[in-house]
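The values are calculated or read from the model by the stated rules, or taken from the named source; none is laboratory data. These figures come from a predicted structure and were not determined experimentally. Here the Cβ positions follow ideal geometry from the backbone for every residue, glycine too, while neighbour counts run over all protein chains shown.
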Amino acid sequence: MATITQETTTVDWHHWLARWDAQQTGYLPDREERFEAMFTALEVLLPPDFVALDLCAGPGSLSQRLLTRFPHARAVAVDLDPVLLAMGQGTLGTMDRRLRWVDADLGDPKWIETLGESSFDAVLSTTALHWLRTPDLVRVYAELAALIRPNGLFLNGDNMKFGPHLPSLQKVAQHVRERQWQDETFAQTGVENWAQWWAALNLEPALTELLAERERRFAWRSPDNLVNAGRDLQTSALLEAGFCEVGILWQRFDNCVLMAVR
């Protein structure tokens, strides 16, 4: 588990989280609108004291907004990135004991055993599950079906490709995404991109060990093995897993929120 040490407490985590959120919004201008769509579903369909799992939580941007919006809810934030886990703990802490952090790898079938909860009312993820290999994603969806209580929700906000039978729609979506993700676009808005943010963070002397551990854990990851399973595959996997309603709740081009009801 990534923990806060005496050395990492010297890092201005709030500064880095603010830069993280700016960088993420650079890629997803509708990021807050996506969050709001997810929270609207929680508000309408769940009791106010629900328990949520933030899957691949990063530094907890989703958990922070969720627990602020729903003061009677609790959340468990799980991720494999030791740097982002340390950042989340350093900025958010436990949010009055309503937030708990878990270091776990979804690629390991035993990840559920680390959660400390036997079931959840909701599982949410945003801009993360596109890294999972298809067999792992299908397995995780089956595991979520057993983890989410009856009438509970799964909400995945991510870029999800249109199906192969819709190449023209995918071409438009890809054009929009590539245009807003260009380095020139980030430079014009004065926002760091992903690579620039990580390069700057690597200059923090107190993070040498955590960054080395991150490098070890993600040595396999590169844009060449980015999976990004499409919405049709994900919908089929969720239905096969036992979810009774699966559909797109919110969408802007191929940026969408896929919702499934258990």
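Things worth noting here:
- Filter result for Val176 (under 25 Å from Met259 (Cβ atoms) and either surrounded by 15 or more Cβ atoms within 10 Å (Cβ to Cβ) or in contact with a strand residue (DSSP E or B) (Cβ under 9 Å, 6 or more places away or on another chain) (or both)): yes
- Region 131-142 residues that are over 14 Å from Met160 (Cα atoms), paired with ones that are surrounded by 17 or more Cβ atoms within 10 Å (Cβ to Cβ) (beta carbon under 6 Å, 6 or more apart): Val138/Ala237; Val140/Leu106; Tyr141/Ala237; Tyr141/Leu238; Tyr141/Ala241; Ala142/Ala241
- Qualifying residue in region 91-101 (condition: over 18 Å from the mean Cα position of the chain (by Cα) and either at pLDDT below 95 or under 22 Å from Val246 (Cβ atoms) (or both)): no
- Region 160-173, residues that are surrounded by 15 or more Cβ atoms within 10 Å (Cβ to Cβ) and not in a loop (DSSP other than H, G, I, E, B): Gln170, Ala173
- Residue within region 239-258 that is of a type in the set (D, E, K, R) and more than 27 Å from Glu32 (Cα to Cα) present: yes
- Candidates are the residues of region 131-141 that are surrounded by fewer than 18 Cβ atoms within 10 Å (Cβ to Cβ) and under 18 Å from the mean Cα position of the chain (by Cα); the one that is nearest to Trp220 (Cα to Cα) is Arg133.
- In the condition set (1) closer than 18 Å to Val51 by Cβ; (2) in contact (Cβ under 8 Å) with a residue 40 or more places away in the chain, Trp111 is compliant with all but (2).
- Test for Asp108: is it under 28 Å from Glu209 (Cβ atoms) and touching a Pro at 6+ places or on another chain (Cβ under 9 Å): no
- Residue match in region 214-235 (condition: touching a residue at least 24 places away in the same chain (Cβ under 8 Å), part of a loop (DSSP other than H, G, I, E, B) and on the phi > 0 side of the Ramachandran plot): yes
- Criterion: under 26 Å from Trp181 (Cα atoms) and either among the small types (Gly, Ala, Ser) or assigned to a helix (DSSP H, G or I) (or both) - qualifying residue of Asp54, Asp21: Asp21
- Of all the listed residues (Gly90, Gly157, Gly152), the sole one being assigned to a helix (DSSP H, G or I), buried (at least 17 other Cβ atoms within 10 Å of the Cβ) and touching a residue at least 60 places away in the same chain (Cβ under 8 Å) is Gly90.
- Test: residue in region 115-129 that is at negative phi, surrounded by fewer than 18 Cβ atoms within 10 Å (Cβ to Cβ), out of contact with any Ser or Thr (no Cβ under 8 Å at 6 or more places or on another chain) and not in a loop (DSSP other than H, G, I, E, B): no
- Checking Ala37 against (1) farther than 15 Å from Asp158 by Cα; (2) at pLDDT 95 or above; (3) surrounded by fewer than 21 Cβ atoms within 10 Å (Cβ to Cβ), the condition it does not meet: (1)
- Every pair of residues 6+ apart whose Cβ atoms lie under 7 Å, when the first sits in region 68-80 and is closer than 12 Å to Ala128 by Cβ and at pLDDT 95 or above while the second is of a type in the set (Phe, Trp, Tyr) and assigned to a strand (DSSP E or B): Ala77/Trp101
- Residue satisfying all of: in region 186-200; surrounded by fewer than 17 Cβ atoms within 10 Å (Cβ to Cβ) and not polar (S, T, N, Q); farthest from Leu84 (Cα to Cα) among these: Ala187
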